[in-house]
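One structure is given here, and the rest of the page talks about it.
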Amino acid sequence: MEFLRDFLDFMRSRKKYWLAPIVIFLIIIGFLFVFASSSAAGSLVYTLF
Amino acid sequence: MIILGLSGLYHDSAAALIINGKIIAAAQEERFSRIKYDNKFPKHAIQFCLKNANVSLSQIDAVCFYDKPFIKFERIIESHIAIVPRGLLSFISSMPIWIKEKIFFKKLIKEKFRELGKIDWQKTKLLFSEHHLSHAASSYFVSNFSESAIIVLDGVGEWATTSIFHGVENNIEVKKEIHFPHSIGLLYSAFTYYLGFKVNSGEYKLMGLAPYGNIDSPETQLFIKKIKTDLVWIKSDGSYQLNMDYYKFVSGNRMCKEKKWERLFNLKKRFPDSKINQSHCNLAMAIQEVTKELIINLAREAKRITNSNSLCLAGGVALNCVVNGELERLEIFDNIFVQPASGDAGGALGAALVTDKIYFKLFSKITFSPYLGPEFSNEYIESTLKKLGANYEKSKDVTKLAAKEIYNQKVVGWFQGKSEFGPRALGNRSILGDPRSKTMQSKINLKIKFREDFRPFAPSVLKEYASSYFKIKKESPFMLFVYPLLDQLTGSRIIGDIDFQLKNKNCVYPSITHVDNSARVQTVDSNDNPSFYKLIHEFGNLSNCYMVVNTSFNVRGEPIVNSPFDAFRCFMETEMDVLVIGDYVLKKELQPKWTKRKKIELD
């Protein structure tokens, strides 16, 4: 939550709202990779890429 | 008010502690971890600072990190988008560490602090200062100027690579910035890379190589012309622009496009530890000349904007003491101050000062000494020496004894008091020798520090005698300005290849002067470092030479020694003759057998 609040503050003060989708996308990808390396979701990741 | 400043996670992590406006302690993580330019979270440095001040984590009012990770992330994303589809591989390789931890930096810091002890983040503020503001503060607030122009020059922080600030009392206002990828630091690093040295650590070798070049040779002049027409465009307002067609640091993992550079200079990229020829020296001189021009232009612009009589320099490029010396001689400003920990380690001190002066608006006069690191009692030193089975003698006057050994052409390891903050050994963690000796430079370089023979050593000279040897008008307590030796102490410049020049220096003090008869001078004041002052004075009484060779107490590839154990190990693994550590004196021939460690790594 703290991260989201800080990130929103950052986008607001820097007026860089267009960064949001990129960061969200990267974080999702990041989580998928971490998750995939230790669970059955690995097959899903391989299908995606 | 207890404030802890932190730097790191890129390179050269450090911590600095300020209590009620007084700088209590500061240290680089590398000194404890023994990894040069260690970039990990500075947990040992924090522990040292807190222990030194006898405060606990829970008592800290604010922790300030020296840059803003979100803005850095923004820069990485934007600069990669600007060159799409190039740079895809570099983007993919840099993202995991960001997604994994750096973007969640606040969380990371809190986790790291949890490993150190209990801290209440409701009470303790966690702040982030801008990278160049931290650098600016690290110099301006310790300079004792109440008003000053400030120039920050480094590779890159968040976006800014070059900044002009104006400091007035407790305020620092940004006046002008040049943004990534246009950067003097990265330009210099590109040449460091091209000439076969390691980026982020070999820049000072490039600076040391430059004087072997011949400024009058047509090749050097051609190199200068090509750099200015193809690699960097210098503007009349002090700004500049890199021609990105020649660089690869945004889109790849290399500094420059070697093939294009080879075509431009008609010179092959030099590989590490391969032979250095005259063209390499000429190219080093060319980039040094261009860097000098860039910085002088910026200084003139800073003067125009601020109309100040004083200048503070900070950032890694401010360690280019050849340029600093030239700036002083030009007298654009009456006073120039450079803080000894000018690189990223100093950012920790800067972040703490930004918090103290700008965030909390505390008005206290800061007194600065570079001796901010760990200190060891005689009891501790003796118990360490006993454990190591060393043969030692206790002396009531180690300065006299050390001076006599130096006079007898011995190389002395000198370990006293608190260690220095920053890359320079200023007389507390130093290797000392006789500056009059013709062989001392070679002996210390090859047999003690195991480093390249071409690299010169610096003199530490008593303040009141400095002008008897050098063309110097002001103090230089931190060894950050280069001055020429007096004309009567030098002969004409020797022309020839690097080995010939090195072996045929034409001056009275060959061990401390470069081939161009210049030296990176440290002036020693009796109030700043009484025991070091006394040692040089004793040596002067014997030799009538009131200066010594002073180089950092370490070997190639290792950080400066931190503890008595590090000092003893360095002493035993090199051909150093004598070690003076606290009140104890150790002679090499009396020591037990010592097993040598692994091969020295390149730095």
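Bear in mind that the values in this text are calculations on the coordinates, not laboratory data. Since the model is a prediction, treat every value here as computed from it, not as a measurement. Glycine also receives a Cβ, built like all others from the backbone with ideal geometry; neighbour counts cover every protein chain displayed.
Are there DSSP H segments in chain B that both extend 27 Å or more along their axis (alpha-carbon positions) and score a mean Kyte-Doolittle hydropathy of at least -1.0? List them, or say none.
Those that clear 27 Å and a mean of -1.0 are B:278-306.
Throw me the Rg/Rh for the range B:50-95, computed over C-alpha atoms with Kirkwood Rh, two decimals.
Here the Rg-to-Rh quotient is 1.36.
Provide the three semi-axes, in whole Å and in decreasing order, of the ellipsoid equivalent to the range B:184-338 as defined by the square roots of 5 times the Cα gyration tensor eigenvalues.
Equivalent-ellipsoid dimensions as semi-axes: 27, 17, 15 Å.
Describe numerically, in nm with one decimal, the distance between label points set 7 Å from Cα along Cα→Cβ at residue B:542 and at residue A:25.
In this crude label model, residue B:542 to residue A:25 measures out at 7.0 nm.
Using a cut-off of 15 Å between alpha-carbon atoms, which aspartates and glutamates can reach residue B:593, once sequence neighbours fewer than 8 places away in the same chain are excluded?
List returned: B:573, B:575, B:577.
Pop the C-beta distance of residue B:305 and residue B:144 into the FRET formula with R0 = 30 Å and round what comes out to the nearest 0.05.
0.85
Dividing the convex hull volume of the Cα atoms of chain B by its residue count, what figure in Å³ per residue is obtained?
Output value, Cα hull per residue: 146 Å³.
I need the semi-axes of the equivalent ellipsoid of the protein assembly as shown: take the C-alpha gyration tensor, multiply each eigenvalue by 5, square-root it, list largest first in whole angstrom.
39, 31, 25
Report, in whole Å, the centroid distance computed from the Cα atoms of the range B:1-72 and the range B:414-470.
Cα centroid to Cα centroid, the span is 28 Å.
For A:24, B:18, which order do you get if you count the other beta carbons within 10 Å of each Cβ and list the fewest first?
A:24, B:18
Once fully extended, how much extra length lies between residue B:268 and residue B:446, figured as 0.36 nm per residue of separation less the alpha-carbon to alpha-carbon distance?
Length gained between residue B:268 and residue B:446: 61.4 nm.
Distance from a point 7 Å along Cα→Cβ of residue B:94 to each backbone N in the range B:44-86: keep the residues under 16 Å and list them by number.
B:68-86
Using label points projected 7 Å from each Cα along Cα→Cβ, tell me how many nm separate residue B:378 and residue B:217, to one decimal.
So the two model labels end up 5.5 nm from each other.
Suppose each label sits 7 Å from its Cα in the direction of the beta carbon; what would the residue B:500-residue B:125 distance come out to in nanometres?
Simple spin-label model gives 6.3 nm for this pair.
What is chain B's relative contact order, in percent, from Cα pairs under 8 angstrom and six or more apart in sequence?
Normalised by residue count, the contact order of chain B is 16 percent.
Could you grab the relative contact order for the range B:378-590? Cα pairs under 8 Å, six or more apart, rounded to a whole percent.
35
Hey, what number do you get for chain B at 222 nm if only DSSP H runs of n ≥ 4 count, each worth -39500 (n - 2.57), divided across all residues, to the nearest 500?
-10000 deg cm²/dmol
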